[in-house]
Amino acid sequence: MRFIVSLILAVWAVTAAAQDWEERQVFASGAAQATPLRVLSSTDIALFEPVLQSFLARYPGVEVEYLVTSTASLDTYFRADPDGYDVVISSAMDLQLKLANDGFALRLEDVSHPPRAQWRQSLFAFTTEAAAFVLNRAAFAGQELPTTRQGLIRVLRAAPETFRGRVGTYDIRASGLGYLFATQDARASETFWRLTEVMGALEARLYCCSGEMIEDVAAGRLLVAYNVLGSYAAARGDLGGQIEIIQPVDFPTTMMRTVFVAERTKVPGPAVDFLRHVLALQSADAGEEGYALPPLAGATGEALPSTIALEPALITYLDQLKRKTFIREWESAIIQGP
Amino acid sequence: MADAVQISGSLRSRLTATLIGGAAVLAVLLYLIARTYAAQIAQQGQDNVLGASVTSILDAAVVRDGQVEVDFPYAAFSMLSTPADDRIFYAIYQDDTLLSGYDTLPKAAATPGDVSFDTGSVSGAPVRIATASRRMIGAELRTDITVSVAQTQDSLSGTLTEIGRNVALFGAGFFLLAVALSFWATSATIGPLQRLTRSVMQRGPQDLSPVSRPVPSEMVPLVSSLNSLMGRLDHSLRQSEDFIAEAAHRVRTPLTTVRSYAETTLQRVDKEENRQALRSMVRAIDESSRAAGQLLDHAMITFRADHLDRQPLDLVDLVQDLVQGLTPVADMKDITLRVHGDAVVPYAGDAILLQNAVRNLIDNALKYSPGDGAIDITVKAGPTPTIDVRDEGPGFPQADMARLPTRFARGSNAAGIIGSGLGLTIAQDVAVAHGGRLVLGNDPKGGACVSLSL
Ligand SMILES: Nc1ncnc2c1ncn2[C@@H]1O[C@H](COP(=O)(O)OP(=O)(O)O)[C@@H](O)[C@H]1O
């Protein structure tokens, strides 16, 4: 690290680019004539920067342009301009799988990865992250914490006045990951719909991203956030005192963050190096500290049974008709305005 | 025999080549058939799953408030997971408008009620497409829903490659087995032919008897013509021998008459020249009649050797009898005949032939040794019954030794001694007929030694 001159250009794209990037940053080691590598990602820079830095330390000849946007718009942007990006990282497994299924991902025959954590040698999973409840610690002081969705429903029903307007969850219309979690929850149990109705009755607030939800819980604007990425919450060490992260024990919903190299990349060499580097860092036995993202569980052994499987069935809920139906039902449950 | 036989190919290699060629053709056929069959079955498997997927999507179609809704189950696609992670595509059409799915998927017509299958390609990837349709009838709605589900064929071709490899291995194994079998079958078939050849080759020169061991039916014409050829040969051989015997006999009888006349005349003639001439005449007559006798003997032996009349007898007895008969002749030359060896040597053989042989040997010993000596005859039982005749004469001329037992061969020492060159031939023929042999040798101390072992 010490011999690397880290040149960080933080440029907020305001007008130049057509897209609205949540974050955009160029990482380079300062080497002349570095190969540019465009990485399109849904993972915040704060979480991914250590990975980028270690990549640059190993491959100083590459200049990484890291572009962050939400999972849903990531899919839209990439489909609109499949030549424009070299590596794509997203937590929305369904959208990623559909991109790979539609032939946007490069097949890498010689990358060896556990079969459950890859699809078609083109889409590779590198983290295992569970959806969690995040609770405001102060509000639940002295109370027994709910560990199941049923338990959460009971808590919410018991004190509707306390929780009214202070419950948050993903707006599944805006967030690809939120939609994935919701559809997988709905597949697993009817409890999801009951919980959604209860949250709707409490005038739940809808969010695009885990980060904001976590901050609002920490600040006390929310008391409960449902289906938040536990890994994001855990990464916010600074908020540790204010929030409580609970992995539901009834049926955990666990996703894998996935990465692929764009089929039409002009720099396949560095792109594949980048992918391999990420996979190697995140394999469970890499054992290196300091990376904010959880490693891929069961990289060597059996994957967790509750992990959403990387299979073509993921595109089921992306079907327009099904999506329309699902969102209509969800809306009628969560939005119970006057 | 000396003429080289013209060779045209080999039965063995022709048979082997035919069998191996056949096996190769069969192995290739087996491979092709198994592959085609496997391809059909594998395709059938994929079609079944695609069909089930299409049906489950179609079943989920409902009309609600005049709108078609297709809330198909997760299983519709999860059943399409394959080990090779095949890509899937689908399209749901209401009449001719795409409700949802991939517009890149070629639209296929479908007859309501059953699933049709087709192969096509979606953006360059070859796929198998299943299509089915269903008529929906609502309040004011009458519409056809058509669903297509397509899947790439990576897993299928992977399976096929694997099956192909296994079948190829199987075919190769089958072929190797067939090669081994064809070698075995060839030698089993050629075997009787080789056995026949061997048995004909191992025969003695005199053996012209027909082949008696059973042969495969295909070889019967060959063997029977061989047998008849040998029969004819045997017949003509015997005829010529009969002829010789007959001729010898016819010559001998008048010779005896001539000799007695010559003897009588010798008594009466006084003039020395005439007596000399008459004595030469008698000698010549003796020689001729002896030769005729030996020719007769030889013919007889050749005949009897084929039909050996084996009787149990005692060789010592046999020799004693002969010695007794020959003692007068020996006495004339002052030669003592002595018999040594075992007291009794039992043996099963043809007495007439054995007597003839031994007489010839003793005759020779008397003829070729100087007077005033002894001839030792030794009869032994073991290890094989043997009769040795040993004299005190000059012995066999070394240079001629090898050819002396052939017909009419006489040694360099035979000049002036009556003989026809058949004596040793007869002895040898008798020995061979009894499965034994005749060995000529010289005693280092002087004297010939002939050993007749049986
Ligand atoms: N006992 C013997 N001693 C020396 N020579 C012998 C003796 N017996 C046979 N021979 C040689 O072997 C030749 C062949 O013998 P044989 O076949 O009996 O014919 P032959 O009628 O000439 O005696 C004789 O001519 C003689 O040269």
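Values in this text are rule-based calculations from the coordinates and carry no lab data. No experiment lies behind these values; they were computed from the predicted model shown. So basically every Cβ, Gly included, is an ideal-geometry build from the backbone, and we count neighbours across all protein chains shown.
Please find, in a Gaussian network model of chain A (springs between Cα atoms separated by less than 10 Å), the residue of A:ALA117, A:ALA313, A:ALA141 whose mean-square fluctuation is greatest. In the Gaussian network model the winner is A:ALA141. Only residues of the stretch B:287-303 count here: report those whose backbone N is under 18 Å from the spot 7 Å along Cα→Cβ of B:LYS367, or say none. So the set is B:287-301. Taking amide H positions as modeled 1.01 Å from N, with prolines and chain starts lacking one, no residue 5 or more places away or on another chain lies under 5 Å from B:ILE418. Calculated FRET efficiency, B:THR336 to B:ARG203, Cβ-Cβ distance, R0 = 60 Å: about 0.85 to the nearest 0.05.
Note on B:THR384 and B:THR256: their simple-model spin labels are 3.7 nm apart, each label 7 Å out from Cα toward Cβ.
Magnitude of the charge dipole for chain B, about its Cα centre and with charges confined to Cβ atoms of Lys, Arg (+1) and Asp, Glu (-1), is about 1620 debye.
Using θ = phi - 60° in the Karplus curve 6.51 cos²θ - 1.76 cosθ + 1.60, the 3J(HN,Hα) couplings for the stretch B:142-159 round to 9, 8, 9, 9, 10, 10, 10, 10, 10, 9, 5, 10, 4, 5, 4, 6, x, 4 Hz; x is entered for Gly and Pro. Using a cut-off of 15 Å between beta-carbons, work out the net charge of the residues near B:MET401 (Lys and Arg +1, Asp and Glu -1, B:MET401 not included). Around B:MET401, the surrounding residues sum to +1.
Roughly what percent of Cα-Cα pairs across the stretch B:15-161 reach past 24 Å? Spell out each step's value before the answer.
Details: 4489 of 10731 pairs.
Considering the stretch B:15-161, 42 percent of its Cα-Cα pairs are separated by more than 24 Å.
In chain A, one over the average inverse separation of all distinct C-alpha pairs is 20.7 Å, which is the Kirkwood hydrodynamic radius.
Calculated FRET efficiency, A:LEU145 to A:ALA80, Cβ-Cβ distance, R0 = 35 Å: about 0.20 to the nearest 0.05.
So if R0 is 60 Å, what FRET efficiency would B:SER228 and B:ASP270 give, r being the distance between their Cβ atoms, rounded to the nearest 0.05? Could you put the intermediate results ahead of the total?
Numbers: r = 66 Å, r/R0 = 1.10.
Once the sixth-power term is evaluated, E becomes 0.35.
Here the simple spin-label model places points 7 Å from the Cα toward Cβ, and for B:ARG403 and B:TRP184 these points are separated by 5.6 nm. Remark: the B:VAL5-B:VAL220 segment gains 75.2 nm on full extension, using 0.36 nm per residue and subtracting the alpha carbon distance.
Convex hull volume per residue, computed on the Cα atoms of the protein assembly as shown, equals 366 Å³.
Distance between the 7 Å Cα→Cβ label points at B:MET79 and A:ALA31: 5.2 nm. Rg/Rh for the stretch B:153-235 stands at 1.48; both radii use Cα atoms, and Rh follows the Kirkwood definition.
Each other residue within a Cβ distance under 14 Å of A:LEU206 adds +1 if Lys or Arg and -1 if Asp or Glu, for a net charge of -1. For A:ALA262, the shell of other residues with beta-carbons less than 15 Å away shows a net charge of -1, using +1 for Lys and Arg and -1 for Asp and Glu.
Taking the Cα atoms only, what angle lies between the long axis of helix B:351-368 and the longest principal axis of chain B, rounded to 10 degrees? Once rounded, one gets 50 degrees. In the stretch A:188-213, whose amide N lies under 11 Å from the spot 7 Å out along Cα-to-Cβ of A:ALA174? List them in ranges. Of the residues in the stretch A:188-213, A:206-210, A:212-213 have backbone N under 11 Å from the label point off A:ALA174. Partner lysines whose Cα lies under 16 Å from the Cα of B:LYS107, excluding those fewer than 8 positions away in the same chain, are not found. The ellipsoid equivalent to the alpha-carbon distribution of the stretch B:215-307 has semi-axes of 49, 9, 8 angstrom, derived from the gyration tensor eigenvalues as √(5λ) and listed largest first. For the residues of B:69-79, the average number of beta carbons from a partner chain within 10 Å of their own beta carbon is 5.
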